[in-house]
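What follows is calculated from the coordinates using simple rules that are stated; it is not laboratory data. As the structure is a computational prediction, the values presented were derived from the model and not from experiment. Ideal geometry is used to build each Cβ from the backbone, glycine not excepted, and the neighbour counts take in all protein chains shown.
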C-alpha cells in the first residue's frame, strides 16, 4: 500500500515545501499544525487537517515532511522545536520524506540523511555529508567534503567552502560565507552576511561585523512554523 504524504507545520516553510512537492508531481494529503487558526483552511490548495496534538496518524499509512522552520536570534538557533518534532515522530515509527528541488544540483557521492530538504538553486558538491532533518535553503552552496550534522538550517545564499563541519542545530544565515576547513559548533547562529575565518565553539552568535563571537542568551524556544 502506498503511503500518503502529510506535512507538519503551517507557515512559510510549509508553503515552500508544499510548492516543491507539487512541482515534483508529489501529492500531499494534508497539513497538520499547532496553529488553531489554520484548521479548516488550505495552503496552496492542500487542506489543513487539524491540530497536530489531536490528529492520530498511522506510520504504516503516512509519510511525513517536517514543515516547521526556525527563527534564529540571540537566544539560539531556534531549531530545537523542529528537531523535537522530527525525533518524536521517528520514535513512533514514522519516516520523513527527503525533498530535493528539481532545480537544485546534487553531485554524485553526496550522502544525505532522512528528511533532508534542498531548495531551488542550491548546489551540493561531491563528498558532502548532510545529516537528517537538515534544510539547505535557496541558492546555498555546499562545497566538497562538507559535513553538516542533523537539524541544521543553511540559509539562502550561504556558502560553505570545502571541508567545513557544522554542528547540530546550527543556523547559518543568509549570505554567510564559511571558509575552507572551519569547524562550527552546535547551536550556533552565524549572522546573515558574516564571513567566518576561524573555528567557532558551541552556543555563540557570530555577528557580521568582523565575525564577532558573542555568547547566546538562554531562553525557552517557541515553535515557528
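Looking only at segment 144-189, which residues are outside any loop (DSSP other than H, G, I, E, B), more than 15 Å from the chain's Cα centre (by Cα) and crowded, with 22+ Cβ neighbours inside 10 Å?
160, 178, 184
Tally the residues that are in contact (Cβ under 8 Å) with a residue 40 or more places away in the chain, in contact with a helix residue (DSSP H, G or I) (Cβ under 8 Å, 6 or more places away or on another chain) and part of a loop (DSSP other than H, G, I, E, B), restricting the search to segment 26-46.
Final tally of qualifying residues: 1.
Which of the numbered conditions does residue 47 fail, given that it passes all the others? Conditions: (1) surrounded by fewer than 18 Cβ atoms within 10 Å (Cβ to Cβ); (2) within 27 Å of residue 171 (Cα to Cα).
(2)
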